[in-house]
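Structure first, commentary second.
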Amino acid sequence: MRKLFLTGVAATALTLGAAQAADLKFAPGEGNFNWDSYEALKSTKLDGEQVTVFGPWLGPDQQNAEAVLAYFAEATGADVRYVGSDSFEQQVMVDAEAGSAANVSVFPQPGLAADMAKRGFLTPLADGTADWVKDNYAAGQSWVDLGTYAGPDGTKALYGFFYKVDVKSLVWYIPENFEDAGYEIPQSMEELKALTEQIAADGGTPWCIGLGSGAATGWPATDWVEDMMLRTQPPEVYDKWVSNEIKFDDPAVIGAIEEFGWFARNDKFVAGGAGTVASTDFRDSPKGLFSSPPQCYMHHQASFIPAFFPDGTKVGTDADFFYMPAYADKDLGKPVLGAGTVWGITKDSPGAQALIKFLQSPIAHEIWMAQKGFLTPYKAVNTDVFSDPTLKKMNDVLLGATTFRFDGSDLMPGGVGAGSFWTGMVDYTGGKSAEEVAATIQKSWDALK
């Protein structure tokens with residue numbers, strides 16, 4: 001156990017003066033953290049000022065968030081209070097309309113933050129913040145774009161600061177299976193397709209793909225299509241697709257759907273055959289990797305999927321992942337698809353401004369990096385502080401990105417992104433053409449306008 005920076009356990013989940021989850025704390029000067037940024041923060045005096053933070057995190061993530069906020073509180077003297085809710089999306093709007101919003105709110109989706117900025121419920125971030133993000137985050141312009149929204153008068157400004165990111169552009173595999181078969185990690189989409197064909201030619205099955213998810217069946221295919229959009233089209237086209245400036249039945253989108261179909265609609269490429277893709281639960285889908293002999297060699301899924309691997313699986317040894325590669329011949333860089341939380345000021349105050357400034361310091365990222373479940377595009381952090389080498393490897397994917405884009409279906413209207421897009425992908429894997437499916441999705445979008 002390291003020496004504790006703060007001691008005691010808060011009486012409630014709100015007060016961080018005596019830090020909750022004290023066993024997560026390190027004393028200044030310990031470890032490989034960038035303590036200089038913490039020391040610099042001490043010049044910000046907020047003695048007694050209450051700074052409230054409202055977010056979606058409960059349980060372990062709440063503890064980790066509070067551990068970070070505790071350092072801000074100790075350095076500045078602020079009285080920092082965090083409240084988490086599993087009904088964040090509804091409650092944050094209720095609080096804003098009632099005039100009782102927290103100083104800073106943590107949005108799981110930028111679309112909701114954009115809606116609140118348009119209604120005048122967010123305060124633009126300080127001058128210079130956009131330049132800081134552009135210079136200090138990998139694919140910095142992407143993060144500026146994702147946090148820039150129109151205000152009540154239509155003027156655009158940076159309202160959102162991204163902190164804590166997830167990566168989706170990953171392919172999972174079993175190193176022992178690859179080694180036994182003599183397969184190499186593909187470095188381009190051309191090589192990934194060649195490997196897919198090679199595995200099938202060798203008598204194996206390249207992929208496990210499952211779209212089943214109860215009422216949400218179909219969503220894993222939207223991640224595939226979004227990754228393919230970023231690997232076949234410039235990011236500007238992806239953005240126009242997500243906003244429907246480019247229609248869903250545009251040839252660029254149809255092409256991305258068919259790229260997914262190249263993998264998912266070939267009986268030789270998918271465990272159980274293409275007809276089982278829609279009915280296989282996404283939680284069960286990766287289990288084929290672990291069969292002996294393997295039922296499949298690869299599985300495309302986000303960073304959370306190890307939660308559904310067999311008990312005792314050690315990621316990095318028993319199972320591992322590689323970056324879903326881009327086409328070598330399309331000159332689109334290294335795009336990464338993912339998600340993340342965006343922090344915005346919902347009730348302006350010196351403390352709120354100081355907290356956003358604190359998020360621009362390496363220590364604000366490294367404290368959570370030393371725990372679990374945190375990735376960051378901040379180039380200046382010391383990645384040696386990651387508690388898990390797997391997270392470090394995922395973070396390297398993020399830091400290597402030339403473009404980052406948020407999950408497109410999460411940015412689309414709910415009736416599309418969590419509705420017709422899902423069902424359309426089920427219909428597509430069931431045999432309908434990409435053109436027919438795309439036209440149906442576009443009709444559903446038009447009906448919402």
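Couple of notes before you dig in:
- Set side by side, the residues GLU236, GLU191 differ, and just one is closer than 17 Å to MET324 by Cβ and open to solvent by 10 Å² or more (accessible area, probe 1.4 Å), which is GLU191.
- Residues that are open to solvent by 50 Å² or more (accessible area, probe 1.4 Å) and not in a helix (DSSP H, G or I) were ranked within region 88-107; the one that is nearest to LEU355 (Cα to Cα) is SER100.
- Each residue in region 368-402 was checked for being within 24 Å of PRO325 (Cα to Cα), part of a loop (DSSP other than H, G, I, E, B) and open to solvent by 20 Å² or more (accessible area, probe 1.4 Å), and 5 of them qualify.
- Count of residues meeting criterion [open to solvent by 30 Å² or more (accessible area, probe 1.4 Å) and either at pLDDT 95 or above or in contact with a helix residue (DSSP H, G or I) (Cβ under 6 Å, 6 or more places away or on another chain) (or both)] in region 280-292: 7
- Output for region 193-220, where each listed residue is under 28 Å from the mean Cα position of the chain (by Cα) and farther than 17 Å from LEU289 by Cα: LYS193, GLY212, SER213, GLY214, ALA215, ALA216, THR217, GLY218, TRP219, PRO220
- Residue in region 343-350 that is within 16 Å of the chain's Cα centre (by Cα) and closer than 26 Å to PHE33 by Cα present: yes
- In region 307-333, residue least open to solvent (accessible area, probe 1.4 Å) [restricted to those that are more than 14 Å from LEU192 (Cβ to Cβ) and touching a residue at least 60 places away in the same chain (Cβ under 8 Å)]: ALA319
- Summed over region 156-188, the residues that are open to solvent by 20 Å² or more (accessible area, probe 1.4 Å), part of a loop (DSSP other than H, G, I, E, B), touching a residue at least 40 places away in the same chain (Cβ under 8 Å) and not hydroxyl-bearing (Ser, Thr, Tyr) give a count of 3.
- Restricting the search to helices (runs of 4 or more DSSP H) fully inside region 195-313 and requiring at least 1 residues that are closer than 22 Å to TYR173 by Cα gives 219-232, 251-264.
- Those residues of region 208-229 which are out of contact with any helix residue (DSSP H, G or I) (no Cβ under 6 Å at 6 or more places or on another chain), touching a residue at least 60 places away in the same chain (Cβ under 8 Å) and hydrophobic (A, V, I, L, M, F, W, C), in sequence order: ALA216
- Residue count for region 338-383, restricted to those that are more than 27 Å from TYR238 (Cβ to Cβ) and aromatic (Phe, Trp, Tyr): 2
- Complete set of residues in region 143-155 that are open to solvent by 10 Å² or more (accessible area, probe 1.4 Å) and in a helix (DSSP H, G or I): VAL144, ASP145, LEU146
- Taken over region 316-367, the criterion of being of a type in the set (Ser, Thr, Tyr), in a strand (DSSP E or B) and farther than 20 Å from GLN187 by Cα is satisfied by THR341 alone.
- Once region 421-449 is narrowed to residues that are of a type in the set (Gly, Ala, Ser) and open to solvent by 20 Å² or more (accessible area, probe 1.4 Å), the residue that is farthest from PHE321 (Cα to Cα) is ALA447.
The values are calculated or read from the model by the stated rules, or taken from the named source; none is laboratory data. Please read these numbers as outputs of a predicted model, since none were measured by experiment. Quick reminder, even Gly has a Cβ in these numbers, built from the backbone with ideal geometry, and neighbours come from all protein chains shown. For accessibility, only protein heavy atoms count, side chains too; no ligands or nucleic acids. Shrake-Rupley method; radii C 1.70, N 1.55, O 1.52, S 1.80 Å.
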